[in-house]
1. Starting from the Cα of residue A:705, draw a straight line to each of the lysines and keep only those under 22 Å, dropping any in the same chain fewer than 8 residues away.
2. Could the peptides A:190-198, A:593-601, A:855-863 be put in order, highest first, of the mean number of other beta-carbon atoms found within 10 Å of their residues?
3. If contacts are Cα pairs under 8 angstrom and at least 6 residues apart, what is the relative contact order of the stretch A:823-902 in percent?
4. Rg to Rh ratio, the stretch A:659-698, alpha-carbon atoms and Kirkwood radius?
5. Quick check on chain A: what are the equivalent-ellipsoid semi-axes from the Cα gyration tensor, as sqrt(5λ), descending, whole Å?
6. Given R₀ = 45 Å, what would the calculated FRET efficiency be for residue A:791 paired with residue A:293, taking r from the Cβ atoms and rounding to 0.05?
7. If each DSSP helix of 4+ residues adds -39,500 (n - 2.57) and the sum is divided by the residues in chain A, what number results at 222 nm, nearest 500 deg cm²/dmol?
8. Using Cα-Cα distances under 8 Å and only pairs 6 or more residues apart, what relative contact order does the stretch A:291-486 have, in percent?
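Derivation of every value follows stated rules applied to the coordinates shown; laboratory data play no part. These numbers come from a predicted model, not from an experiment. We place every Cβ from the backbone using ideal geometry, glycine too, and count neighbours over all the protein chains shown.
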Amino acid sequence: MAEIETLHRYDAKRADEIECRWQQQWMRDGAFRAPNPGDAGFDPSKPKYYILDMFPYPSGAGLHVGHPEGYTATDIVARYKVSCGFNVLHPMGWDAFGLPAEQYAVQTGVHPAVTTQSAIDNFRRQLQRLGFRYDWSREFATIDSDYYRWTQWIWLRAYHAYYDVATDRAQPIAQLQSQLASEDRLIALADGRQIQWSACTPQQQQAHLDGFRLAYLGHQTVNWCPALGTVLANEEVIDGRSERGGHPVLRMPLRQWMFRITAYAQRLLDDLALVEWPESTRAMQTQWIGRSEGAEVRFAVEGFGDLTVFTTRPDTLFGATYMVVAPEHPLVEWVSAMRGGAHTKITEYANWSRNRSDVDRQAESREKTGIALGVSALNPATGERIPIWTADYVLMAYGTGAIMAVPAHDERDFEFAKRFDLPIRQVVAAVDGGVWTGACATPLPGIACNSRSAQVSLDGLATPAATAKMIAWLVEAGLGSKRVNFRLRDWLFSRQRYWGEPFPIVFDERGMHFPVAESALPVRLPTLVDYAPIESAQPMPPLAKATDWVATTAGEAGVDPTLLDPATPVRREVNTMPGWAGSCWYYLRYCDPKNNAQFVGKSAQQYWMGDRGVDLYIGGSEHAVLHLLYARFWHKMLFDLGEVFTPEPFAKLFHQGMITSFAFERVDGSLLATDAVRQESGQWFEIATGHAVNRVIAKMSKSLKNVVTPDDVVAEYGADTLRLYEMYMGPLADSKPWNTRDIAGVFRFLQRVWRLAIDERTGSVIVAREGNREIERQLHRTIHKVAIDIERLAFNTAIASLIELVNAATRPTEMKDPSDGGLSRDQLRRFLSVLAPFAPHLAEELWMRIGEAGSVTLAPWPRVDQTQLVDDTLELPVQIAGKVRARVIVPSGADASAIELIVLRDAKVQEALAGRAPKKVIVVPKRMVNVLV
RNA sequence: AGGCUCGUGGCGGAAUUGGCAGACGCAGCGGACUUAAAAUCCGCAGAGUUCACCCUCAUCCGGGUUCAAGUCCCGGCGAGCCUACCA
């Protein structure tokens with residue numbers, strides 16, 4: 001009996017059957033194919049919409065339920081935009097080079113090419129099972145040589161370019177080179193000598209040009225991580241440990257490929273104003289770029305020359321009572337060399353602090369350390385001799401690696417001055433006239449004081465005016481200038497790893513580098529059997545093991561014969577590019593992924609990127625700085641080089657929140673796995689001890705046994721339910737806990753939708769004979785609200801309104817004739833087209849069953865009748881003395897005075913007024929009425 | 001230490017941006033159907049006062065602006081994220 005009743009019910013088995021069948025059908029029909037301009041089926045009359053998910057990194061573990069959150073959101077928007085008449089580009093592919101795959105390979109002994117491919121296949125299978133309308137014909141992976149060929153090509157473009165300050169954009173380096181040659185300019189060599197360009201050796205010329213290239217070989221202090229066997233970018237080091245794995249990071253000097261991202265600092269900052277991005281992300285990038293305005297001031301040091309500092313407070317120059325240079329500063333070396341063995345303590349200190357890893361620095365207290373160099377500088381304002389110290393609180397990498405210390409108005413300098421008993425002089429007074437006690441530093445703006453000399457006086461000026469006057473004086477006296485400084489550093493782009501893009505570059509025996517010609521790309525990654533990192537004190541890239549590949553000739557490698565004789569023996573670059581490389585431009589390749597002649601065809605790019613780039617980009621906020629800054633930088637380089645046509649790549653950005661899970665916490669704060677706990681009358685207890693524990697929100701992790709995978713949920717409820725649940729959990733941007741129990745709610749909703757159209761006993765279609773007027777009204781409102789909510793990415797409330805509609809239309813059990821209730825065929829049709837973006841399989845199935853032609857995925861968004869959105873009458877609450885005391889029914893078009901009349905005549909209002917005359921009546925049409933007594 | 005974001009029922013969350021706080025869902029309770037259960041359908045449901053009506057209190061705490069505050073302003077407490085000696 002029971003079996004017969006549920007024979008045609010929407011259950012997991014039926015969902016599975018429906019979903020798999022339609023997924024195959026869509027694939028067969030090429031339903032999600034987006035033709036390019038010029039392709040068959042391309043409709044140029046439609047506007048474009050480019051919606052993109054952040055590039056997934058396929059891990060061996062497969063998807064967990066966090067992944068499909070953003071993907072479902074973009075899928076809903078994509079389907080909605082299609083039904084609104086847009087040509088929608090919605091691609092998917094794989095970011096597949098990089099550290100995790102390589103480490104996994106080293107652990108398992110299976111080649112990364114193999115593990116990566118199976119991870120990709122698994123990810124693709126899982127995503128396809130969820131019915132996302134990706135144009136899979138555009139799929140690619142960063143490890144495809146057809147793709148990384150162009151990654152190398154872009155790198156070469158940067159290698160062949162420099163930043164021209166005069167035009168404020170990148171230009172071909174050949175231009176600079178011919179300028180230097182034709183004018184035969186004087187070139188400053190590394191040792192300080194100046195010689196004519198024509199008199200330079202080729203090595204000297206190359207070194208000079210490397211000082212300008214956007215992709216250049218630089219000698220840098222790098223973050224060397226022995227555990228990972230590679231160096232890391234500044235962005236990949238957190239608290240002195242590697243972002244990935246948390247291993248200690250050491251600092252050492254190394255010759256590495258760099259990107260001159262600092263040349264773009266100002267534009268990267270300015271153009272944040274052009275994009276529609278979360279405020280927090282823009283703030284993070286702004287902070288990371290770290291622009292500060294100030295001045296450069298030169299202090300004379302006898303015998304050494306000028307010691308230049310950067311300061312944001314030149315107005316406090318009179319208060320500079322000592323100076324500090326970083327332990328790596330050339331002055332330190334100069335002093336110890338000059339004083340020979342007599343001052344080994346200085347060398348000792350410099351070495352000690354230089355070799356101290358950032359971890360040690362963090363671990364120790366903030367107690368300042370330092371040592372006096374025994375030399376002094378001339379304070380240009382006061383004319384006083386002030387001592388120079390070295391201390392590790394001054395960083396070589398920021399500004400000039402040297403500071404003027406103004407202990408009265410800088411907390412760090414104050415602390416240092418107290419520790420080493422250095423003089424402190426107030427030069428800024430509080431605006432409110434408060435007396436400076438000398439107990440702490442006062443870094444705030446104020447009124448300059450004690451700042452007078454024969455040449456210049458700042459006394460009495462407010463900080464901004466004092467700053468301006470000081471800079472003017474410094475410029476006039478030839479002692480300094482206005483300067484803008486950035487926190488951003490150049491981007492270290494080499495990794496000592498196997499699993500990455502090879503650099504298209506070779507070195508000859510003199511150590512000079514030569515580019516591989518564009519026509520010879522790609523430089524293929526050789527297949528290595530032993531790709532394990534080489535353990536050593538010095539970085540040793542694994543590619544060095546591919547000796548046959550490394551040692552070659554210029555001709556073999558593809559170096560332009562006019563640059564180097566093809567027979568010349570050369571060695572290939574053995575470093576590889578970092579994992580970020582491939583994700584810097586993938587959104588461009590999606591526009592034209594099969595192009596063999598160009599990195600992206602011009603017409604395809606111009607169509608899909610349009611004026612503003614990607615229309616909607618959704619991904620996690622963990623990429624707020626790294627990926628999003630790097631991609632913007634590449635885009636701007638390509639813009640300057642005439643390869644792309646929008647200043648920014650991503651017009652609108654949105655971060656989905658994290659999906660968390662529950663775990664349990666003992667009284668002492670330690671966490672328990674979900675299977676170590678039982679629930680009893682609303683309380684949780686640790687099974688082993690019987691002690692009460694608290695339910696808390698935690699990240700999904702294997703150890704807590706709270707990981708949920710899409711495969712699990714699909715098996716139990718189907719993909720439509722999973723999609724709907726993830727979108728119904730709460731606002732997309734929020735992080736929210738997965739609660740398995742709640743899934744039943746949306747599953748029941750889909751079952752009610754099913755029953756609206758299908759008789760569960762017979763499986764036949766049942767619709768209302770005629771559409772109910774009230775339901776019709778609500779249907780229009782629902783269509784209207786769902787559209788608005790999709791546009792603002794508020795999927796939870798869109799679904800709530802769909803549920804409300806279905807609840808209203810659901811037939812009561814006691815209804816004898818089902819065609820008395822529910823939705824009419826026409827209403828059902830319109831309802832299914834607004835349900836389709838959320839639950840595409842069920843919508844498609846019912847669409848077919850009620851006899852609609854074609855696919856619901858191609859149906860236009862139903863028209864909303866504006867007159868159906870307003871009622872004839874409205875119920876308004878009436879507040880009297882601040883409390884709602886009555887409700888009145890008014891015509892919806894009534895104006896304020898008409899409403900007031902109705903309100904004052906109302907019996908309840910009269911009663912509540914109890915004879916008092918209203919002092920004032922405030923009418924907010926369509927909202928409420930407030931009567932003041 | 002600083003910057004940003006945020007604190008609403010037992011739980012996830014709504015609230016057209018200053019206008020009836022708690023939509024919708026979960027969990028809970030009651031009813032119908034059933035021999036019974038499940039499923040389904042119909043209701044109830046912030047807290048308090050002896051139920052329904054009524055009334056009082058209520059959006060972390062304390063002040064303020066306003067006819068009106070979850071929403072705006074000031075102060076405090078708490079949470080999360082980011083930065084962390086950046087001169």
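1. Cα-Cα hits under 22 Å: A:736.
2. On the way: A:190-198: 10.2, A:593-601: 14.9, A:855-863: 17.4.
Taking the mean over residues of other Cβ atoms within 10 Å, the ranking is A:855-863, A:593-601, A:190-198.
3. On the way: 71 pairs, mean separation 15.2, N = 80.
Normalised by residue count, the contact order of the stretch A:823-902 is 19 percent.
4. Working: Rg = 9.4 Å, Rh = 10.0 Å.
Using Cα coordinates only, the ratio equals 0.94.
5. Details: eigenvalues 713, 324, 160 Å².
With the √(5λ) rule applied to chain A, the semi-axes are 60, 40, 28 Å.
6. Working: r = 40 Å, r/R0 = 0.89.
E(calc), rounded to 0.05, equals 0.65.
7. Details: 29 runs with 310 residues, N = 933.
The per-residue figure over chain A is -10000 deg cm²/dmol.
8. Details: 391 pairs, mean separation 57.1, N = 196.
Answer for the stretch A:291-486 is 29 percent.
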